[in-house]
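Some notes on the structure that comes next.
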Amino acid sequence: MKQKSPFIALAVTLALGLVAAPAVFAAGGHGDDHKPKFGGIVSEGKAFDAELLAKPDLITVYLSDHGKPMSAKGAKGKITLLSGTEKVEADLTPVGDSKLEAKGKFNVATGTKAVVVITPEGKLASTLRFTIK
């Protein structure tokens, strides 16, 4: 009977490590990046993330990039709230360093859907979707 080479065991171990590595990095790469920091709801976009804080008279959208505040200077935004057959749209304007706001009268009942389109200065528009809880 032939004895197995220790190199085969090492090769198998390395191969299994390479297969599992992407899952480990994907799971641990963001940490707390996508947890609400302002008591709102977080949505992940392609270029950045946003946290929506919806009140009946004020909508606030906080921007972040990999968990760090992202400048809202020069950004343009629009929010569409959908609740049953009701549709309300409002422009979002930069306020402060990393947030945009809209003032008005908004239906922010549980289940209301929000579609936010934000165009950071000098970049392409990103669409983020939220459901009010």
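The values are calculated or read from the model by the stated rules, or taken from the named source; none is laboratory data. Given the structure is predicted, the values throughout are model-derived calculations rather than measurements. Positions of Cβ are generated from backbone atoms using ideal geometry, with glycine treated the same way; all protein chains shown enter the neighbour counts. Keep in mind that these areas ignore ligands, DNA and RNA; they rest on the heavy atoms of the full protein, side chains included. Shrake-Rupley method; radii C 1.70, N 1.55, O 1.52, S 1.80 Å.
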Run through the range 39-133 and list the GluC sites (Glu not before Pro) located in a DSSP loop whose Cβ has at most 12 other Cβ atoms within 10 Å. E121
Quick one: pull the percent of accessible area on the range 81-133 belonging to carbon and sulfur, 1.4 Å probe, ligands and nucleic acids left out. 50
Any aspartates and glutamates with Cα under 14 Å of the K105 Cα? List them, leaving off those in the same chain fewer than 8 positions away. D57, E86, E89, D91
Amide H neighbours of S98 at under 5 Å, excluding residues fewer than 5 places away on the same chain, with H built from the backbone geometry, are A72
